[in-house]
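The structure appears below as structure tokens.
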């Protein structure tokens, strides 16, 4: 279908399927999968990605807040949706939309106890990251409250590895796993039934083998790892809006940040920091691909545009520009920015047209 948009984020749902199939091959047959689609599906579009994952057979979806969950329900998602940070004010909306909150402290638990409504919940334990989660000393009181209020059904118990991608931190990860196993075993004994358990995230799945019956798959689904079996599912394309030749000494962009040291040919690309292109990529720190050739971003990135040096290119107005793809990867750009791919993906503005490839 022809597109009117000059800037398009392509999302390859077939590659998403391939990534999911590979990750499933690493798991035992009965291991359940939770697909993480928070932050608008890591910036790629939560609705389309969730629909695809639901068809592929994931057991449930993981979102950050109740609004993300409600949006998925309104768009026809039927499988369980787990809300990682339900907050204290959204409990009725969560109940009404059949969402499943992650309970991480006694205050939050008391709110759902007071609702007197049957609900599937998930317990978050602090295994050493010291972010969300019940501490070990909370478990006795937690179990007593759950015993008194059996209308709250614990579907799973979870925690989070702080450094599963870092081999130098494996000792700490192993301590987290041991603490988690001790804690959920104690809760199971108190409840009188077993729940799903999950501490492994994407890198945990790729690097550890433990006996949890459930895993959370996030960034690996989108192919942003160093594993050669997983491919990046997204690419960001734009076009050259204008080309001009400039003389030595000419300035380019805001603050006169770039001064040409020679005659140059430069191209204007209609995408900027308002779309999520980090300003730190300006002034020669980042590049784009034009006809498979890297062209440096010069001057400051503007809100809606950026400029690149095409002096050594035969490019013309209307030609395609690639901001990232499987050649100029998100991981490489993240390395250049001294950040992580999550941040780049999470800041992609929703005004960018998203096109989903599934053929």
Filtered residue count, the stretch 1-47, keeping only those that are under 14 Å from the mean Cα position of the chain (by Cα) and touching a residue at least 40 places away in the same chain (Cβ under 8 Å)
12
Exactly one of 311, 287 is surrounded by 18 or more Cβ atoms within 10 Å (Cβ to Cβ) and in contact with a strand residue (DSSP E or B) (Cβ under 6 Å, 6 or more places away or on another chain), and that residue is 287
Hey, residue 334 hits all of (1) more than 26 Å from residue 225 (Cα to Cα); (2) surrounded by 15 or more Cβ atoms within 10 Å (Cβ to Cβ) but one; which does it fall short on?
(1)
Would you point out the residue of the stretch 70-87, among those that are within 25 Å of residue 18 (Cα to Cα) and touching a strand residue (DSSP E or B) at 6+ places or on another chain (Cβ under 8 Å), that is surrounded by the fewest Cβ atoms within 10 Å (Cβ to Cβ)?
79
Over the stretch 39-67, the set of residues in a helix (DSSP H, G or I) and in contact with a helix residue (DSSP H, G or I) (Cβ under 6 Å, 6 or more places away or on another chain) is 39, 40, 41, 42, 46, 49, 50, 52, 56, 66
Scan the stretch 318-345 for residues that are assigned to a helix (DSSP H, G or I) and touching a strand residue (DSSP E or B) at 6+ places or on another chain (Cβ under 7 Å) and jot them down.
330, 333
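No lab work stands behind these numbers, since they all come straight from the coordinates. A quick note: this is a predicted structure, and the numbers were derived from the prediction, not measured. Here the Cβ is made from the backbone with ideal geometry for all residues, glycine too, and neighbour counts use every protein chain on show.
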